[in-house]
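Trainee: Sending over a structure as structure tokens; questions will come in a sec.
The values are calculated or read from the model by the stated rules, or taken from the named source; none is laboratory data. What you are looking at is a predicted structure, and each value in this text was computed from that prediction instead of being measured. Every residue, glycine as well, gets a Cβ built from its backbone with ideal geometry; the counts of neighbours run over all protein chains shown.
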């Protein structure tokens, strides 16, 4: 039996997992990231987590064919260099080679959103599909794509960065500096912005009443208001779902994937949300419903990134 | 020396070309398509064109490793079946196998827009680049992508169909039935629609005067009015270029290609147009100017489809 290790380098925690050939996550270990302690500290910790996992499983390092690291930021995969990762304040650091040297195990790196997509592809919501896009709806809108038997992650670019593709050119301000990106309409931040506007416009709405009680609007209470029948919240969610359907139609027309998996905070909403978004998407699929991708909620939660990182050696 | 044959199946003509290993187009032969005469007639002609090319070059069929056919419509490449091609009124016809049987030469099929992109990639404007998108601006907006050493053409879809991705969701009516597609803003049809509106709004504009003289507005005379300094036409072209830059930024953010090649009628405009669109695009490239793709006009004209079809065996 051959094993691989996946490491998810987050802003808060570094999580490592031991994965077998069938992409089962056998064990996990984690430490605080502590970005301020620097590159050597963090890569030392990655080596220690690896040693811990091997020891607990009774494995020799020769039984592990590779370590995969999912990191935020932009990277040069060929050299294993992390070009920049804003929240770690790292620039041009040799992440792959450093961990490879400290562990004696071949080490590959990739973007964390790409790893999450690969995790859902090999072991989660898209495990039955030939190709997939993971669209993560949270504070922002993230994306990762697996197609043609590979992670779609072209060298010398940050693509696929589908949160920053026009949905309404010239429209709402996006965090990236442009206007009208998908993220400026489909993130929780966008939903909360629109809910606050709706509350301003309709002081009788449940949204406005929540605010009067001192509750800040958030994804959960906005959805709750809509489910309880508040007309302003319902209109907001209807529009949110409609635009998401349109965006997913765009993803299909561009990438022709067999499934789209919805990740991030919104995946808690479950089947009703998938069904509504699917109905909204179908009219926007250029080739018609027979080519419409399946739509599913992500299944693996935070483990997706670890499992996907562990799968990198077979999908780069 | 090994040769391949590329066939471009158009609504008006069937053009076949003999191509060498360096993607030089050595000879071409063509017949009228005459779609009304049916599938056998057209595939017989493809075999005859192949025989003509071999005879004129003094080649035996064993010296030709494959025939590639670029066809409009949707296809199943694995079986060589053309699923539908509206302007030929063909449904589920065995295009590849029929030509293979009639010629005794292995035959591959692909979408004609994909073949044009591949032609510019192997022998035209993107011959120096690792990856590219061809965006064709004509009556509609077409697209083809080469990345990771392959034509990006996922099975079971019409993707990439970038003309039918949102630019302004809910905006102008598109021919596909949706609103706000890139094609509804960036095609010549869209430009002419907008020029007619501008002429309606400003009877003093050169655009309005052209119409008064009985000239229908078209791509050429709209661009000419702008170049001659007519304010209404200039404003129109400025907006057209701005939206094209935004769209090309989207293409980059989604696909991370090293170059974007502009094909179709607009490619006659040349370098000034490329420069203006490049300047308009850069602010929309998520990863910043260092990741901005090169922008070039297509070089091969109608030969791109023939040369790309001849290259299929190496890029599927």
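Trainee: Which of the residues spanning the range B:74-96 are outside any strand (DSSP E or B) and closer than 23 Å to residue B:4 by Cα? Give the steps one after another, and end with the answer.
Mentor: Keep residues of the range B:74-96 that are outside any strand (DSSP E or B), which gives B:77-80, B:86-89, B:94-96.
Listed by number, the residues that qualify are B:77, B:78, B:79, B:80, B:94, B:95, B:96.
Trainee: When you check residue B:247 against the structure, is it within 14 Å of another protein chain (Cβ to nearest Cβ) and under 16 Å from residue B:143 (Cα atoms), yes or no?
Mentor: Values: within 14 Å of another protein chain (Cβ to nearest Cβ): yes; under 16 Å from residue B:143 (Cα atoms): yes.
The answer is yes for residue B:247.
Trainee: Could we say that residue B:129 is crowded, with 16+ Cβ neighbours inside 10 Å and touching a residue at least 24 places away in the same chain (Cβ under 8 Å) here? Walk me through how you get there before you give the answer.
Mentor: Working: crowded, with 16+ Cβ neighbours inside 10 Å: yes; touching a residue at least 24 places away in the same chain (Cβ under 8 Å): yes.
Yes.
Trainee: Can you name every residue in the range B:262-306 that is more than 20 Å from residue B:141 (Cβ to Cβ) and more than 14 Å from every other protein chain (Cβ to nearest Cβ)?
Mentor: Correct list: B:271, B:272, B:275, B:279, B:303, B:306.
Trainee: Here's something else I'd like to know. Return yes when residue B:179 is without any contact (Cβ under 8 Å) to a residue 40 or more places away in the chain, surrounded by fewer than 24 Cβ atoms within 10 Å (Cβ to Cβ), touching a strand residue (DSSP E or B) at 6+ places or on another chain (Cβ under 6 Å) and in the same structural domain as residue B:281 (by TED's automatic domain parsing) and no when it is not. If you could, list the steps in order and put the result at the bottom.
Mentor: Working: without any contact (Cβ under 8 Å) to a residue 40 or more places away in the chain: yes; surrounded by fewer than 24 Cβ atoms within 10 Å (Cβ to Cβ): yes; touching a strand residue (DSSP E or B) at 6+ places or on another chain (Cβ under 6 Å): yes; in the same structural domain as residue B:281 (by TED's automatic domain parsing): yes.
Spelling it out, residue B:179 is indeed without any contact (Cβ under 8 Å) to a residue 40 or more places away in the chain, surrounded by fewer than 24 Cβ atoms within 10 Å (Cβ to Cβ), touching a strand residue (DSSP E or B) at 6+ places or on another chain (Cβ under 6 Å) and in the same structural domain as residue B:281 (by TED's automatic domain parsing).
Trainee: If you don't mind, another one. What residue, of A:119, A:124, A:138, A:149, is at positive phi and either surrounded by fewer than 21 Cβ atoms within 10 Å (Cβ to Cβ) or away from chain B (no Cβ under 14 Å) (or both)? Don't jump to the end; show me each part of the working.
Mentor: Details: A:119 fails: at positive phi; A:124 fails: at positive phi; A:138 fails: at positive phi.
Being at positive phi and either surrounded by fewer than 21 Cβ atoms within 10 Å (Cβ to Cβ) or away from chain B (no Cβ under 14 Å) (or both) holds for just one of A:119, A:124, A:138, A:149, which is A:149.
Trainee: Can you pull out the residues in the range B:88-112 that are at pLDDT below 95 and under 19 Å from residue B:304 (Cβ atoms)? Spell out the reasoning first.
Mentor: Here is the first cut: in the range B:88-112, the ones at pLDDT below 95 are B:88-92, B:111-112.
Hits for the range B:88-112 are B:111, B:112.
Trainee: Counting residues that are modelled with pLDDT of 95 or more and surrounded by fewer than 22 Cβ atoms within 10 Å (Cβ to Cβ), which helices (runs of 4 or more DSSP H) fully inside the range B:182-266 reach at least 3? Working first, answer last.
Mentor: Numbers: elements: B:183-186, B:188-201, B:206-212, B:219-227, B:231-255.
Answer list for the range B:182-266: B:188-201, B:206-212, B:219-227, B:231-255.
Trainee: Quick check: is even one residue across the range A:63-76 over 19 Å from the mean Cα position of the chain (by Cα) and without any contact (Cβ under 8 Å) to a residue 24 or more places away in the chain? Lay out the reasoning, then the answer.
Mentor: Here is the first cut: in the range A:63-76, the ones over 19 Å from the mean Cα position of the chain (by Cα) are A:63-67, A:76.
Those still in the list that are without any contact (Cβ under 8 Å) to a residue 24 or more places away in the chain too: none.
No.
Trainee: Still on this structure, please answer the following. Could you tell me which of the residues A:143, A:157, A:166 is at the interface with chain B (Cβ under 7 Å from one of its Cβ atoms), crowded, with 17+ Cβ neighbours inside 10 Å and at pLDDT 95 or above? Talk me through it step by step, then tell me what you get.
Mentor: Values: A:143 fails: at the interface with chain B (Cβ under 7 Å from one of its Cβ atoms); A:157 fails: at pLDDT 95 or above.
On inspection, the qualifying residue turns out to be A:166.
Trainee: Somewhere in the range A:217-231, is a residue in contact (Cβ under 8 Å) with a residue 12 or more places away in the chain, within 14 Å of chain B (Cβ to nearest Cβ) and either closer than 25 Å to residue B:169 by Cβ or more than 19 Å from the chain's Cα centre (by Cα) (or both)?
Mentor: No, the conditions are met nowhere in the range A:217-231.
Trainee: Moving to a separate point now. Considering every residue within the range B:223-235, establish whether at least one is within 30 Å of residue A:182 (Cβ to Cβ) and assigned by TED's automatic domain parsing to the domain that holds residue B:197.
Mentor: Start the filter on the range B:223-235 by keeping residues that are within 30 Å of residue A:182 (Cβ to Cβ), which leaves B:235.
So of that shortlist, the ones also assigned by TED's automatic domain parsing to the domain that holds residue B:197 come out as B:235.
Yes, the range B:223-235 contains a residue that is within 30 Å of residue A:182 (Cβ to Cβ) and assigned by TED's automatic domain parsing to the domain that holds residue B:197.
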